[in-house]
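What follows is one structure encoded as structure tokens, with my remarks underneath.
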Amino acid sequence: MERKLASVVIVDDVAPIPGADMIEVATVIGWKLVIKKGAFAPGDAAIYCEIDAFLPVTPDFEFLRKSSYRKLGDTEGFRLKTMKLRGQISQGLLLPVNLLASNTYVQGEDVAARLGITKYEAPIPAALAGMMKGGFPSFIPKTDEERIPNLSDQYDSFRHQLCYVTEKLDGSSVTYYYHQGEFGVCSRNLELLETADNTLWKVARQLNIAGKLALTGRHLALQGELIGEGIQGNPYGLHGQTIRFFNAYNIDTGEYLSMPDFLELMQHTGLQHVPVLDMAFQLPETIDQLLVMAEGMSVLSPDHSLTAREGLVIRSADRRISFKVISNQFLLNEI
């Protein structure tokens, strides 16, 4: 599912913030964010900009300069992050719909391109970026999971199914595939040429991923998180780099392997998977309760008490339910 960084929404609720006279908290499609008092009312149409949206430098967004200004290479803009104001978590930004040309819009419309909004992505170290071979292969799905607040209207229907829970790791996304005799290495958005100094290729050679995939006798893609030295500050205190896998995709059938089949593949190949926290998880009554559960210490922390985890990934056995729950505490600590 393509992420909507800016979309037209209806404000679901507006509530006071204890002890705050000038601001309120609004709720839109499962997200809570701080707004100026009286700026919006329940039922109003508005433009919701998600966290990680990168807004252009224009007069309409100049009010963000003090809190959100960033420069990516030669591009200036304003990055939206999770914040806490007067004790209230705020995730995103609400804008009036009259910012849209001709004031024309449709509820749910993705308006990021109309407003010049893109996704903020931190610069990739040269050792990870590599040399482009081509775009991400069309026969493999990309790895970005939907965040649970964006699925708030479906949450109640999820609760009757048992799910499995894995830890979401803070690393760099990588995909390896074996297809029609060819082995490929991909970052989040690109396929990479093999070079001596690219970290994704180095780890592939160290772990013999090409050979292990070929021996399965199937056309498969493995997707995982590259972690270790030089990656996101190495929060897990590792020496060197390694990969923890979270997906295996059967290219021929166009389906992900079930969790039992995935774990069997990991055991058969000797590759490591992300930490599995629960194989029979019952979703709590509310998303707010789930967000609290997302906070905690990483299983990969040397003594389980030094590194806060990024969050959780929750899926049903048939994968019809699949989403991520990012810890608000992790988001607040993001640089």
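The values are calculated or read from the model by the stated rules, or taken from the named source; none is laboratory data. The model shown is predicted, which means the values in this text are computed figures rather than measured ones. Positions of Cβ are generated from backbone atoms using ideal geometry, with glycine treated the same way; all protein chains shown enter the neighbour counts. Ligands, DNA and RNA are stripped out before the accessible areas are found, and what is left, the full protein with its side chains, is counted by its heavy atoms. Shrake-Rupley method; radii C 1.70, N 1.55, O 1.52, S 1.80 Å.
Amide H to amide H, which residues 5 or more places from Gly296 or on other chains are under 5 Å from it, using H placed in the peptide plane?
Residues meeting the amide H criterion: Arg309.
Could you work out what % of the accessible surface of the chain is carbon and sulfur, using a 1.4 angstrom probe and leaving DNA, RNA and ligands out of the count?
Here carbon and sulfur together make up 52 percent of the probe-accessible area.
Can you give the calculated 222 nm mean residue ellipticity of the chain, where each DSSP H run of n ≥ 4 adds -39,500 (n - 2.57) and the sum is split over every residue, rounded to the nearest 500 deg cm²/dmol?
Result for the chain, helices only: -4000 deg cm²/dmol.
At a probe size of 1.4 Å, how large is the accessible area of Leu151, to the nearest 10 Å²?
Rounded to the nearest 10, that gives 20 Å².
List the aspartates and glutamates whose Cα sits under 14 Å from the Cα of Lys32, skipping any in the same chain fewer than 8 residues away.
Asp12, Asp13, Glu24, Glu50, Asp288
Return the subset of Lys71/Lys142; Lys71/Lys133; Lys71/Lys119; Lys119/Lys168; Lys4/Lys84; Lys142/Lys168 for which the Cα-Cα distance in this structure is over 18 Å, preserving the input order.
Flagged as over cut-off: Lys71/Lys142; Lys71/Lys133; Lys119/Lys168; Lys4/Lys84.
What ³J(HN,Hα) values, in whole Hz, does the Karplus curve 6.51 cos²θ - 1.76 cosθ + 1.60 give for segment 258-270 when θ = phi - 60°, with x put for Gly and Pro?
Ordered by residue, 3J(HN,Hα) equals 5, 4, x, 5, 5, 5, 5, 4, 4, 5, 5, 8, x Hz.
In what sequence, highest mean first, do 125-133, 9-17 appear when ranked by Cβ atoms within 10 angstrom?
Result, highest mean first: 9-17, 125-133.
For segment 236-335, which GluC sites (Glu not before Pro) are in a loop by DSSP, counting at most 11 other Cβ atoms within 10 Å?
Glu285
May I ask you to evaluate 6.51 cos²θ - 1.76 cosθ + 1.60, the Karplus curve with θ = phi - 60°, for each residue of segment 163-180 and list the ³J(HN,Hα) values in order in whole Hz, giving x for glycine and proline?
10, 10, 10, 10, 7, 7, 8, 9, x, 10, 5, 9, 10, 10, 9, 10, 8, 6
Mind listing the phi-derived Karplus ³J(HN,Hα) values for segment 129-141, rounded to whole Hz, using 6.51, -1.76 and 1.60 with θ = phi - 60°, and x for any glycine or proline?
5, x, 10, 6, 8, x, x, 4, x, 6, 8, 10, x
Can you list, largest first and rounded to whole Å, the semi-axes you get for segment 68-161 by taking the square root of 5 times each eigenvalue of its Cα gyration tensor?
Semi-axes from the Cα gyration tensor: 27, 24, 19 Å.
Tell me the per residue accessible area of the chain using a 1.4 Å probe; a whole number in Å² is fine.
About 49 Å² of surface per residue is accessible.
Over all distinct alpha-carbon pairs, what is the Kirkwood Rh of segment 55-213 in angstrom?
Across segment 55-213, the inverse of the average 1/r is 19.9 Å.
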